[in-house]
Amino acid sequence: MGVLTYTAASTAFIAKVSNNRVLLIAGGGAGGGATGSTACAGGGAGGQSAQSRLALTPGTSYTIAVGQAVTGTTTTTVAGADTTFASTTVVAKGGAGGVGNSATTTAGGTGSAAGGTGTIWAGGSGAAASTTNISGGGGGGGGWTAAGSDAVTSTAGGGNTPGAIGGVGRNGSGTTGAAGTAPGGGGGGARATTTTDRAGGNGAAGQAWVDFMPPGAMLLLGVG
């Protein structure tokens, strides 16, 4: 069985056989930014996973679009980027961004199985900022058999394989949020302790896989 892996924003996949399985993970949402003293933001949600068995036409080109990393900001809620196969045939939705704040605490992005196409597992939810001293961790990316794990306070949510862990939350001195890990980890929320604004952690990129039985390959069964 051949397995092809994709990380580029857009790639043309030429089908070699009719029976294929497509596996997608979307990008994680960015953590929320923090403005004001003292302020902490919520973490971003992990990206969904989507998978589907497809009958494709050999020799036909299909576009695989992998959601790229998104950059956290100081003020804007930034959702993760979708990963798709043939535009709408299989779709994994990007994770929700953590909410930014001004001298308060705010919610993390909520992981969701909604909006995708195929067999869907949600990304984990980002945690809310528990106090103005601790920002929320990012949620983990969804996997092939289960949803990504939710972040708990500043502890990032783990990904379900092959989805990856989110970015940790911040405490102590003011700093930007921690980036999520690819594929699919949500960014951690930022913490501000002065009038210097801090951006949320970047949401990680997604990834895509296609596996298939190459032409002429034989499945050998044990005998005896």
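The values are calculated or read from the model by the stated rules, or taken from the named source; none is laboratory data. Every value quoted in this text rests on a predicted model; they were computed, and no experiment measured them. Counting neighbours? That spans all protein chains shown, and the Cβs are built from the backbone with ideal geometry, glycine included.
Could you list all residues from the range 78-99 that are over 14 Å from GLY203 (Cα atoms) and either in contact (Cβ under 8 Å) with a residue 40 or more places away in the chain or of a type in the set (S, T, N, Q) (or both)?
THR84, PHE85, SER87, THR88, THR89, VAL90, VAL91, ALA92
So which of GLY123, GLY158 is within 11 Å of the chain's Cα centre (by Cα) and either in a loop (DSSP other than H, G, I, E, B) or of a type in the set (Ser, Thr, Tyr) (or both)?
None of the others qualify; the one that does is GLY123.
Please determine whether any residue of the range 177-196 is at pLDDT 95 or above, within 16 Å of ILE25 (Cα to Cα), β-branched (Val, Ile, Thr) and assigned to a loop (DSSP other than H, G, I, E, B).
Within the range 177-196, one or more residues are at pLDDT 95 or above, within 16 Å of ILE25 (Cα to Cα), β-branched (Val, Ile, Thr) and assigned to a loop (DSSP other than H, G, I, E, B).
Can we say ALA208 is at pLDDT 95 or above, in a loop (DSSP other than H, G, I, E, B) and either crowded, with 24+ Cβ neighbours inside 10 Å or within 12 Å of the chain's Cα centre (by Cα) (or both)?
The answer is no for ALA208.
Given the criterion within 20 Å of GLY33 (Cβ to Cβ) and either of a type in the set (Val, Ile, Thr) or touching a Lys or Arg at 6+ places or on another chain (Cβ under 8 Å) (or both), identify the matching residue among VAL90, VAL99.
Being within 20 Å of GLY33 (Cβ to Cβ) and either of a type in the set (Val, Ile, Thr) or touching a Lys or Arg at 6+ places or on another chain (Cβ under 8 Å) (or both) holds for just one of VAL90, VAL99, which is VAL99.
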